[in-house]
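Participant: The structure that follows is given in the form of structure tokens.
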Amino acid sequence: MKKVFTLLAMSLISLATFAVDYLPTPTSGEKYYITIGSSHAGYVTAGDDGAVCTAKVASAEDQAKQTWTCTQAEDGTWTFTLNVDGQTWTLYTNSNSRLAAGTDDNVADNFKAFTLTTSDDEAYSTIQMLETVPDNGQAYANIFGGQKLGNQYGPWSVPDGGSQVYFVDPSEVEIPTWNFDFKTFNASDNSTRYFIEFARTDWRSKVQPPYGDEGLTGSNLVLSVDNDTLIADSVIVGDAAFASKIWHVVSFDAESHAIKLVNENGQYITYKDFETPLVSGNKLFNWNEATSSWVRTNQSGGGEMKAGYMTTTNPDETTLYVFKSNYGSENYAIGDTDDSSSKNFINAWGNIGYHHPMGKWTADDQNCALKFVPIIEVLSADQIPSVPTTGIKTITPATKAADSTVYTVDGRVAGKSLKGLAKGLYIVNGKKVVK
């Protein structure tokens, strides 16, 4: 019953928080967020001075580059401007036919007087971003390459879902937050035991069955481990694989963004070559009529995979880093580099889907967005498994006495020394040590 309540509460919160009034036209002289595409994939966001605009979620740091003053001229055309650090930046179409924004030096003679046309049902507008409409009709601002965060805007024809333009009053827009408030593991506090959930829920129509979305976290599949391979998985009551799906934060350094994660099987995340590459294809399972069961294929869920995120029992084999995901509040991307602009972040390969393996891609990709969810928000008290009891009992006295390895109080290896670990209670040489 607890999970039903949680999901219902989350649904009500979502409706109350994210109900946005998308306007088809602006009022001249007023500021708006602008979203292009029927799926409302982010807002038109300027980059550096003179750079192309991309679709990004609203954020405090980008607010000045996302709130456009919309001004209608006497001839009916519109200009869109920003105030960035006291400078006026103007939206324009650059020489590569992409929407860009910048100061007058960058705008120069580029086209910036846009024509807005409202749809017949007055639900949205289109923006003519080229001075003249070519024979193919491709002159209207469109989110290129699909309606996804991070994409640019270029000319396309209408009607097309990617060319629908909406304006949103800033008071309607929620600014997401990322507090990086990860609790280090405490064996007596179940709120420090996490499911790491994929934030995206609309993946089901894009993958092959089985879906695995009837578990306790529904469409939010979680990071798990199949033998030694990181996968997306479901959570069920009395799950025999709980230990593979419950994660502890051993340490987190807010300055460097370095994070050390271990599941309750004692497995740490690393990136390795596969002994047998996975072939291209999105059908991970075949149905076996004889056994009435799903049988795993050697397909990856996407393109060919020669390597992927796997696990190791050696905590020193890898260092992970966690950064905010542009997908929304408290969504994060986890990778093996401290470069947040790299393509090294855990990504559900091909798409989020049941037992899809993990490859690498950019932090802002929707299939990289992860949320740390305490297990107490998913499981009722009687569903919560005990912390595995192997722990410190599995460490031999000789090892405890001699090698100075640092262990958590439940016996997991935390590191070779206390340096870099979060404050807390540890076991060193068989003795409890407070850092």
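Readers should treat all values here as calculations from the given coordinates under stated rules, not as data from a laboratory. Because the structure is a prediction, the values reported are computed rather than measured. Please note: Cβ atoms are built from the backbone with ideal geometry, for glycine as well, and neighbour counts cover all protein chains shown.
Participant: Please name which of 162, 187, 143 has its Cα lying farthest along the dipole of the range 118-212 towards the positive end, using unit charges on Cβ (Lys, Arg +1; Asp, Glu -1) and the Cα centre as origin.
Facilitator: About the Cα centre, the residue reaching furthest to the positive side is 187.
Participant: Can you list the HN-Hα couplings for the range 324-329, worked out from phi with the Karplus curve (6.51, -1.76, 1.60; θ = phi - 60°), rounded to whole Hz and with x for Gly and Pro?
Facilitator: Values per residue, Gly and Pro as x: 5, 9, 6, 7, x, 3 Hz.
Participant: Ranked highest first by average number of other Cβ atoms within 10 Å, how do 208-215, 328-335 line up? Kindly include the intermediate steps, with their values, before the conclusion.
Facilitator: Details: 208-215: 15.8, 328-335: 22.1.
Highest mean packing first, the order is 328-335, 208-215.
Participant: Using the C-alpha gyration tensor of the range 291-395, what are the square roots of 5 times its eigenvalues, in whole angstrom, with the largest one first? Present the calculation step by step, with values, prior to reporting the outcome.
Facilitator: Values: eigenvalues 128, 91, 65 Å².
Three semi-axes, in Å: 25, 21, 18.
Participant: Would you pull out the residues with amide H under 5 Å of residue 231's amide H, same chain only if 5 or more places away, H placed 1.01 Å from N?
Facilitator: Residues meeting the amide H criterion: 224, 225, 226.
Participant: Angle between the Cα long axis of helix 2-18 and the longest principal axis of the chain, 0 to 90 degrees, nearest 10?
Facilitator: Between the helix axis and the principal axis of the chain, the angle is about 20 degrees.
Participant: State to the nearest 20 debye the size of the charge dipole of the range 190-377 about its Cα centre, where the only charges are +1 on K and R beta carbons and -1 on D and E beta carbons. Write out the running numbers ahead of the final one.
Facilitator: Numbers: 14 positive and 24 negative charges, 78 e Å.
That gives a dipole near 380 debye.
Participant: List 355, 248, 40 from most exposed to least, where exposure is judged by having the fewest other Cβ atoms within 10 Å.
Facilitator: Numbers: 355 19, 248 23, 40 15.
Starting with the residue having the fewest Cβ neighbours, the order is 40, 355, 248.
Participant: Magnitude of the Cβ-charge dipole of the chain, K/R +1 and D/E -1, about the Cα centre, nearest 20 debye?
Facilitator: Working: 32 positive and 50 negative charges, 463 e Å.
The calculation lands at about 2220 debye.
Participant: log₁₀ I(q)/I(0) of the range 227-268 at q = 0.25 Å⁻¹, via Debye over equal Cα point scatterers, no solvent, to two decimals?
Facilitator: -0.89
Participant: What nm distance separates the two modelled labels at residue 295 and residue 174, each placed 7 Å from Cα along Cα→Cβ?
Facilitator: Result: 4.6 nm between the two label points.
Participant: Right, here's the next one. Please label the shape of the range 20-172 as rounded, prolate or oblate, based on the square roots a ≥ b ≥ c of the eigenvalues of the alpha-carbon gyration tensor (a/c under 1.5 means rounded; beyond that, a/b larger than b/c means prolate, else oblate).
Facilitator: rounded
Participant: While we're here: Please give, to one decimal in nm, the separation of the simple spin-label points placed at residue 39 and residue 88, each 7 Å out from Cα toward the Cβ.
Facilitator: Placing both labels 7 Å beyond Cα along the Cβ direction yields 3.6 nm.
Participant: Also: List the aspartates and glutamates whose Cα sits under 13 Å from the Cα of residue 245, skipping any in the same chain fewer than 8 residues away.
Facilitator: Partners within reach: 197, 226, 228, 233, 264.
Participant: Checking the table 283/324; 260/283; 272/419; 260/324 against a 24 Å threshold on Cα-Cα, which pairs fail? Present the calculation step by step, with values, prior to reporting the outcome.
Facilitator: Numbers: 283/324 31 Å; 260/283 33 Å; 272/419 26 Å; 260/324 16 Å.
Result: 283/324; 260/283; 272/419 exceed 24 Å.
Participant: Once all Cα-Cα distances of the chain are split into 20 Å bins that start at 0, what whole-number percent is in each one?
Facilitator: 23, 48, 25, 4, 0
Participant: Continuing with this model, one more query. Let me confirm the definition first: pairs of Lys residues in the range 20-172, 8 or more apart or on different chains, C-alpha distance under 18 Å. How many are there?
Facilitator: Values: 31/56; 31/65; 31/112; 56/65; 56/148; 65/112.
Going through the range 20-172 pair by pair, I get 6.
Participant: Taking amide hydrogens as modeled 1.01 Å from N in the peptide plane, which residues meet the under 5 Å criterion relative to residue 285, leaving out close sequence neighbours?
Facilitator: The list, which skips near neighbours in sequence, is 297.
Participant: With N residues in the range 107-197, what two-decimal value do you get for its Cα radius of gyration over 2.2 N^0.38 Å? If you can, show how the numbers build up before the last one.
Facilitator: On the way: Rg = 21.5 Å, N = 91, 2.2 N^0.38 = 12.2 Å.
Expressed relative to 2.2 N^0.38 Å, the Cα Rg reads 1.76.
Participant: How high is the relative contact order of the chain, given as a whole-number percent (alpha carbon pairs under 8 Å, six or more residues apart)?
Facilitator: Working: 1048 pairs, mean separation 56.0, N = 435.
Relative contact order here is 13 percent.
Participant: Above 32 angstrom, tally the Cα pairs of the range 190-377 and express them as a % of all pairs, no decimals.
Facilitator: Numbers: 1465 of 17578 pairs.
The calculated P(r) of the range 190-377 puts 8 percent of pairs beyond 32 Å.
Participant: Test of understanding: what is the full-extension gain from residue 317 to residue 343, defined as 0.36 nm times their sequence separation minus their Cα-Cα distance? Before the final figure, lay out the partial values.
Facilitator: Numbers: separation 26, 0.36 × 26 = 9.36 nm, distance 1.99 nm.
Here the answer is 7.4 nm.
Participant: Note down the magnitude of the dipole of the range 20-172 about its Cα centre, charges +1 on Lys and Arg C-beta and -1 on Asp and Glu C-beta and zero elsewhere, to the nearest 20 debye.
Facilitator: Working: 6 positive and 20 negative charges, 85 e Å.
That gives the range 20-172 a dipole magnitude of about 400 debye.
Participant: Can you put 53, 70 in order, fewest other beta carbons within 10 Å first? Write down the numbers at each step before the final one.
Facilitator: On the way: 53 24, 70 21.
In increasing order of surrounding Cβ atoms, one gets 70, 53.
Participant: Still on this structure, I have one more. Taking amide H positions as placed 1.01 Å from N in the peptide plane, with prolines and chain starts having none, which residues 5 or more places from residue 111, or on another chain, fall under 5 Å of its amide H?
Facilitator: 93
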